[in-house]
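Everything below concerns the one structure shown next.
The values are calculated or read from the model by the stated rules, or taken from the named source; none is laboratory data. Values in this document were obtained by computation on a predicted structure and should not be read as measured data. For neighbour counting, all protein chains shown are included, and Cβ atoms are generated from backbone atoms with ideal geometry for every residue, glycine included. The accessibility values were calculated without ligands, DNA or RNA, using every heavy atom of the protein model including side chains. Shrake-Rupley method; radii C 1.70, N 1.55, O 1.52, S 1.80 Å.
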Amino acid sequence: MDLLKKIGDKNIILLIGNLDYKAKIKTGYVSITKPITEEKENFVCVDAITLTKKIPPIMNNCIFVSSPSALTELRLSIKSLYLEKNCEIVILDDVSSMREYNDLGDLTMFLNNVILIARENNKKLVLIVNKNSNELINDLTMFSDLTI
């Protein structure tokens, strides 16, 4: 799938299912459940899981956050991807798994803040959600410009 073509001029994208994307532009990737093990071209990563298990490897293009429940730390890292690392698009993978670590109210407030950051800076944000996460899908559909 050519994600950038599908997105077009939309800013907030709700992607239900899996992502198949090769970065053609500088992309921020936020991983909630899988450790980042290698650097990839055009990606700057935020890893929210490695520090919960071990000391992270030294990587130039990766920000390590203490845990998936550290929502302020995650929000600041995402803001940094846009403002300091100059990413045009940030992919948050996977919002559904964040429910394991956060209550729905806190998670919704966090996602609203991240969406505002993307909109204020005219950047793109892709929120990946598991197709079985009906409650999240219903909430996020209201704030999304496009659902894929």
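The selection criterion, being closer than 21 Å to Ser133 by Cβ, acidic (Asp, Glu) and in a loop (DSSP other than H, G, I, E, B), does not hold for Asp9. Considering only residues in region 36-55 that are free of Cβ contacts under 8 Å to residues at least 40 places away in the same chain and either assigned to a strand (DSSP E or B) or within 14 Å of the chain's Cα centre (by Cα) (or both), the one that is farthest from Ala70 (Cα to Cα) turns out to be Phe43. In summary, Asn122 fulfils each of the numbered conditions (1) touching a residue at least 24 places away in the same chain (Cβ under 8 Å); (2) more than 14 Å from the chain's Cα centre (by Cα); (3) in a helix (DSSP H, G or I) with the single exception of condition (3).
Comparison of Asn130, Asn102, Asn134, Asn138 shows that the only residue that is touching an Asp or Glu at 6+ places or on another chain (Cβ under 7 Å), polar (S, T, N, Q) and over 16 Å from Ile7 (Cβ atoms) is Asn130. Confirm whether Lys53 is basic (Lys, Arg) and touching an Asp or Glu at 6+ places or on another chain (Cβ under 8 Å). For Lys53, the condition - basic (Lys, Arg) and touching an Asp or Glu at 6+ places or on another chain (Cβ under 8 Å) - is not met.
Of all residues in region 54-78, those that are among the hydroxyl-bearing types (Ser, Thr, Tyr) and touching a Ser or Thr at 6+ places or on another chain (Cβ under 6 Å) total 1. Among the residues examined, Glu73 does not qualify as open to solvent by 20 Å² or more (accessible area, probe 1.4 Å), touching a strand residue (DSSP E or B) at 6+ places or on another chain (Cβ under 7 Å) and charged (D, E, K, R). Picking from residues in region 125-135 that are in contact with a Ser or Thr (Cβ under 6 Å, 6 or more places away or on another chain) and either touching a residue at least 60 places away in the same chain (Cβ under 8 Å) or not small (Gly, Ala, Ser) (or both), the one that is least open to solvent (accessible area, probe 1.4 Å) is Val129. Restricting attention to region 77-96, and to residues there that are over 12 Å from the mean Cα position of the chain (by Cα) and assigned to a helix (DSSP H, G or I), which single residue is nearest to Ile36 (Cα to Cα)? Once the filter is applied, the top-ranked residue is Ser80.
Restricting attention to region 9-47 and to residues that are farther than 18 Å from Ile115 by Cβ and among the small types (Gly, Ala, Ser), the residue that is least open to solvent (accessible area, probe 1.4 Å) turns out to be Ser31. Would it be correct to say that Ile55 is at pLDDT below 90, of a type in the set (A, V, I, L, M, F, W, C), out of contact with any helix residue (DSSP H, G or I) (no Cβ under 8 Å at 6 or more places or on another chain) and open to solvent by 60 Å² or more (accessible area, probe 1.4 Å)? Considered against the rule, which asks whether it is at pLDDT below 90, of a type in the set (A, V, I, L, M, F, W, C), out of contact with any helix residue (DSSP H, G or I) (no Cβ under 8 Å at 6 or more places or on another chain) and open to solvent by 60 Å² or more (accessible area, probe 1.4 Å), Ile55 comes out as yes.
Exactly one residue out of Glu135, Glu73 is among the acidic types (Asp, Glu) and in contact with a Lys or Arg (Cβ under 9 Å, 6 or more places away or on another chain): that is Glu135.
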